[in-house]
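Step one of this worksheet: look at the structure below.
The values are calculated or read from the model by the stated rules, or taken from the named source; none is laboratory data. Here the structure is a predicted model, which means the values were calculated and not measured. Here the Cβ positions follow ideal geometry from the backbone for every residue, glycine too, while neighbour counts run over all protein chains shown.
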Amino acid sequence: STNGVVAEGTEYIKFGGVSYSKAPAGDWSFANFASYVPDPCQNAGNDPTGMAAKSDAIEDTAEGHKSSWRTVNAESCLEWDFSVVIPATMRKMEYEECIGPDHLPREFKSLDGTYTAYYSQFGQPFVIEKPQVQIAAPKYPQYPNSRQYEPPPKSKTSPDPEIPD
């Protein structure tokens with residue numbers, strides 16, 4: 001969750017270009033703001049915006065060290081503490097990653113408390129269903145305030161020009 005922006009426990013899902021969110025006590029809704037949530041499917045082969053590559057380059061400059069073993073959601077993991085300077089702002093970001101003995105992440109959290117993510121049930125089959133939302137999806141999700149183009153009504157005084165064969 002991100003403090004001050006969304007409620008703790010909010011879920012996100014993305015189908016095509018449409019993002020959905022669900023607050024813990026609410027129904028699914030369209031989430032135009034979710035386009036700013038990192039897309040876990042972006043990687044070197046699927047990164048049309050170049051954001052994943054930029055993120056990887058920044059992460060490569062992180063400095064880190066092992067901390068200690070701890071438990072996350074009843075699973076043991078080794079905590080790694082990192083810090084990295086974000087070039088665009090020159091701000092230092094500090095975060096922890098807790099890695100299980102199988103080398104898979106169990107938790108990622110920023111030390112300022114603005115973001116925490118938990119990972120579990122690796123290798124387990126699951127089904128993701130498209131959420132049912134009560135209102136219609138925006139015609140153009142990237143422009144939520146736009147309307148579909150409607151041509152002006154045809155004039156009744158001038159007929160359509162004939163198109164030669």
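Check 128, 58, 86, 99 and return the single one that is closer than 27 Å to residue 27 by Cα and either aliphatic (A, V, I, L, M) or out of contact with any His (no Cβ under 9 Å at 6 or more places or on another chain) (or both).
Sole residue among the options that is closer than 27 Å to residue 27 by Cα and either aliphatic (A, V, I, L, M) or out of contact with any His (no Cβ under 9 Å at 6 or more places or on another chain) (or both): 128.
Residue 80: farther than 28 Å from residue 11 by Cβ and in contact with a Cys (Cβ under 9 Å, 6 or more places away or on another chain), yes or no?
Taking the combined requirement at face value, the residue does not satisfy it.
Filter region 65-80 down to the residues that are free of Cβ contacts under 8 Å to residues at least 24 places away in the same chain and not hydrophobic (A, V, I, L, M, F, W, C) and list them by number.
Across region 65-80, the qualifying residues are 65, 66, 68, 71, 79.
Residues that are at pLDDT 80 or above, touching a helix residue (DSSP H, G or I) at 6+ places or on another chain (Cβ under 8 Å) and surrounded by 10 or more Cβ atoms within 10 Å (Cβ to Cβ): find the strands (runs of 3 or more DSSP E) completely inside region 42-131 holding 1 or more of those.
75-86
Regarding region 22-41, can at least one residue be identified that is within 23 Å of residue 88 (Cα to Cα), of a type in the set (Gly, Ala, Ser), surrounded by 13 or more Cβ atoms within 10 Å (Cβ to Cβ) and modelled with pLDDT under 80?
Yes, region 22-41 contains at least one residue that is within 23 Å of residue 88 (Cα to Cα), of a type in the set (Gly, Ala, Ser), surrounded by 13 or more Cβ atoms within 10 Å (Cβ to Cβ) and modelled with pLDDT under 80.
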